[in-house]
Amino acid sequence: MYFMFVLISSCSSDDETEDNVVADDLSDAHQQVQIDMINENINDIIENAYYEAENQNAQKKTAAKTNQKTSFLPECVNVSWQIHDANNITVTLDYGDGCTTANNHFLEGKIIVDFELKREVNEVIALHQFEDFYFDQNKIEGNEQKTHFVHKDNQNPYTNIERHLKITLKDSSSLMFSETGKRECIDGHGTSTWTDNVYLITGNRTVIHSSGLERHLSVKEALRKDMDCKVLTAGILEVKTGQRMLEINYGDGTCDNIVEVTISGKAYPINF
């Protein structure tokens, strides 16, 4: 009888341990999805800023006037352009003490983007910096550099990304986020609007939590971003935390808020 009690107690303890591990993994996955959402929303903002900067530069050179509204930035953000010369533009997006976007995210502070056009090699270098910037009360610090390679010879345009950020969460814990990747525009380039663009994203990422927890991430299947959808719609992200592995599947291309997390061969849906 005593042996059976010990055996049952041991099995129960193992089950509880496994449940705790799964709960921790799901929590990590949910946090990573939130980080991706923040990054992609900031990418959307920068894409819009770049599009508007191009228009401003073109209007300056041609003295053209237009009443057409092409901006998808909220009216509560103050956008200023400083055109240094034909190849250098600084765009400042000032959300002040708070501004709600079309996607219902609350932004505060400034994003400052320096664009440098290298015409001889068909490149645009964009350096993003953040000044007292908050995304849904999560503070974003650090910088990003993107090198845009303009399409030619029927090749898709693409962007190389290097990102080093500190994200301070609402609970005062923080994350150090680093990424080296590539963002290829596979559809929509060459049209008069950026909202029909579709991107495939590849690369590697590292996330270090203030608790010391470290995650290493790699794109197993290219992540898909449709600019008319506020979230990633497809692709698989592989996440390694110590000896634990999981996969985040962003779906089949449908624009929704559901991802599937696979842990030890079992799938768990997350609605974020």
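Of note, Thr168 satisfies the criterion of being touching a Lys or Arg at 6+ places or on another chain (Cβ under 6 Å) and either in contact (Cβ under 8 Å) with a residue 40 or more places away in the chain or of a type in the set (Ser, Thr, Tyr) (or both). Candidates Ser211, Ser264: the one that is under 15 Å from Ala29 (Cβ atoms) and at pLDDT below 95 is Ser264. Selection of the stretch 188-208 for residues being modelled with pLDDT of 90 or more and not β-branched (Val, Ile, Thr) yields Tyr199, Leu200, Gly203, Asn204, Arg205.
When Glu40 is tested against (1) at pLDDT below 70; (2) closer than 23 Å to Ile161 by Cα; (3) charged (D, E, K, R), only condition (1) is not met.
Among the criteria (1) farther than 21 Å from Phe130 by Cβ; (2) touching a helix residue (DSSP H, G or I) at 6+ places or on another chain (Cβ under 7 Å); (3) modelled with pLDDT of 60 or more; (4) not acidic (Asp, Glu), the one Asn55 does not fulfil is (2).
Applying the set (1) among the charged types (D, E, K, R); (2) farther than 25 Å from Asn271 by Cβ; (3) buried (at least 17 other Cβ atoms within 10 Å of the Cβ); (4) touching a Phe, Trp or Tyr at 6+ places or on another chain (Cβ under 7 Å) to Glu141 leaves exactly one unmet item: (3). Applying a threshold of 6 Å to beta carbon distances and a minimum spacing of six or more residues, or different chains, the list of pairs starting in the stretch 113-130 at a residue that is under 22 Å from Asp94 (Cβ atoms) and ending at one that is in a strand (DSSP E or B) and aromatic (Phe, Trp, Tyr) reads Ala126/Phe115. Residues in the stretch 185-228 that are surrounded by fewer than 18 Cβ atoms within 10 Å (Cβ to Cβ) and under 18 Å from Ile46 (Cβ atoms): Gly188, His189, Thr193, Thr195, Asp196, Asp228.
The values are calculated or read from the model by the stated rules, or taken from the named source; none is laboratory data. Since this is a predicted model, take the numbers as computed values, not measurements. Virtual Cβ from ideal backbone geometry, glycine too; neighbours counted across all protein chains shown.
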